[in-house]
Structures are given as structure tokens and as C-alpha cells.
1. Which one of 190, 205 is at pLDDT below 80 and farther than 22 Å from residue 54 by Cα?
2. Considering only segment 35-44, how many residues are closer than 21 Å to residue 163 by Cβ and open to solvent by 30 Å² or more (accessible area, probe 1.4 Å)?
3. Could you tell me how many of the residues in segment 76-103 are without any contact (Cβ under 8 Å) to a residue 40 or more places away in the chain and surrounded by 19 or more Cβ atoms within 10 Å (Cβ to Cβ)?
4. Give me the residue from segment 1-26 that is in contact with a helix residue (DSSP H, G or I) (Cβ under 8 Å, 6 or more places away or on another chain) and open to solvent by 50 Å² or more (accessible area, probe 1.4 Å) and, out of that set, modelled with the lowest pLDDT.
5. Filter segment 122-142 down to residues that are open to solvent by 10 Å² or more (accessible area, probe 1.4 Å) and outside any helix (DSSP H, G or I), then give me how many there are.
6. Pairs please, first residue from segment 171-190 and farther than 10 Å from residue 45 by Cα, second anywhere and exposed (fewer than 14 other Cβ atoms within 10 Å of the Cβ) and of a type in the set (S, T, N, Q), Cβ atoms under 6 Å, 6+ apart in sequence or on different chains.
7. So how many residues does segment 55-71 have that are part of a strand (DSSP E or B), surrounded by fewer than 22 Cβ atoms within 10 Å (Cβ to Cβ) and not β-branched (Val, Ile, Thr)?
Amino acid sequence: MKNELILYHGSQQIVEVPRYGAGKTYNDYGQGFYCTESRELAKEWACPVKNDGYANRYVLHTEGLNIMYLTRGEHHILNWMALLLQNRRFDINNNVGSRGREYLLTHFMPDTSEVDVIIGYRADDSYFSFAEDFVNNTISVRDLNRAMQLGTLGEQVVLISEQAFRQIDFEGYETADYREYYYKRTERDTKARAAYHIQKKELNTLKDDLFIIDIIREEMRPDDERLRCHLFE
């Protein structure tokens, strides 16, 4: 198995040399270089406005890197939620949401101090609203988990350490035509929102569904079997 990942970074610019410490601190996982393994997704991300963009292509040499997966293994979607809560601004509209934010930050924040690369969901547009609904006690953890599969947004790969930046090589770029990819990006988000609203209308809340208020009351931790059975059913 090759110790490398082929990555794409969607941007309005050609980025030949990703710079450590140059990213925005309020992105999903904080400061870093945000990529995807999907060339098509990168082209969509490159066209947030009606201008052509670029899908920059790289090889990341992963040997010796500590990679944290937020969608499998020991981590799960509530670890992802805690990272979002630390870095993004949420519209929290009730006391339960405020308590939920503090609880997730205290008990579900993953330790990224020794991590080089994070792989997890991208909280783009509609997906961020799903996260807000969960922390505001509107949907259960099971429904949040299902909602993140809508619209096939895919995962993002984020370089966060100096070592990771030393192990990425630029291989070229492709132009992303906004006349195709701006509208694909919009369509993906619209479909995800529509599917989510349909799902919410059809929700049949089960007696054992877990909401953020239940997680707080029961003082659940990341390895709690009651929680994990809802995430890995």
C-alpha cells in the first residue's frame, strides 16, 4: 500500500506552495490547509462565486504522519461537533444549546496536539445547519449522523502540522469552469437541504433516541455504549 494521498484544493487561486500558518482560524478544524480526495468536489469548492477557479492537485506523503479520522475508529460525530463548536460561530437559541456547547467542548473535544492531518466531514452550508439543529436539541444524535450522509458532500483532509506541510508536493492544477461547478455546488446544497426537510417531517422519534439534553443529563462520555449504539447501528 502506498504511503500517499492524492489531494485537491479548490480555490480561486493557483496554490503551488501551501503555507503553514496561513489559513483562517475560524474554519471547521481551525487553521490548516483544506483539501479533498475528490477532484469534482474541489472544483465545486473552487467556485463559490461566478468566477472560474482551480482544482490544485497534490501528493501528500503520509509516512510518519499522525492522521486523525473523525468519521471512523475511536472518534465519531460528536468529536467532530466539538471541533466545530470550538472554531465556528453557532446560532445557539436556548439554554439547552448553551449547556450542550459547553458539555461537548469539555467532554468530546479530541486532542489534536500531536496530530498532523485531520480527516472528517466538511460543515458547508446545509451541513452546518444540521449541526446547529443538534446542539439546539432539535434533532437526535442518530438523525444528525444520518443527515451528514445527505448530498454526498464527502470528507475533507486538513493539514494542520508543519511536518504535514513539508510532506505535500504540488502536481499541477485544472481549471474549474464556474458555468458548471458554481451551479453544481449550489445544487448539491439544495438537494441536501430538501432531503433533510423531508427526513425531519418523517422522523418517528424513538423512546431511546438521544438528544443533547439526554447526553448532558446522563453525563455521557465518548466511549459510552448507549451513545455508540446510536452512531454505529
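The values are calculated or read from the model by the stated rules, or taken from the named source; none is laboratory data. Computed from a predicted structure; not experimentally measured. Heads up, the Cβs are rebuilt from the backbone with ideal geometry, glycines too, and the neighbour counts pull from every protein chain shown. Note: areas computed on protein heavy atoms with side chains; ligands, DNA, RNA excluded. Shrake-Rupley method; radii C 1.70, N 1.55, O 1.52, S 1.80 Å.
1. Numbers: 190 fails: at pLDDT below 80.
So the residue among 190, 205 that is at pLDDT below 80 and farther than 22 Å from residue 54 by Cα is 205.
2. 1
3. The total comes to 2.
4. 25
5. Pass one, segment 122-142, residues open to solvent by 10 Å² or more (accessible area, probe 1.4 Å): 122, 124-125, 128-129, 132-133, 136-138, 142.
Cutting the leftovers down to outside any helix (DSSP H, G or I) gives us 122, 124-125, 136-138.
Within segment 122-142, residues that are open to solvent by 10 Å² or more (accessible area, probe 1.4 Å) and outside any helix (DSSP H, G or I) number 6.
6. As it stands, the answer is 178/51, since those pairs meet every condition given.
7. Start the filter on segment 55-71 by keeping residues that are part of a strand (DSSP E or B), which leaves 55-61, 67-69.
Cutting the leftovers down to surrounded by fewer than 22 Cβ atoms within 10 Å (Cβ to Cβ) gives us 57, 59, 61, 67, 69.
This time we only want the ones that are not β-branched (Val, Ile, Thr), so: 57, 61, 69.
Summing the residues that are part of a strand (DSSP E or B), surrounded by fewer than 22 Cβ atoms within 10 Å (Cβ to Cβ) and not β-branched (Val, Ile, Thr) in segment 55-71 gives 3.
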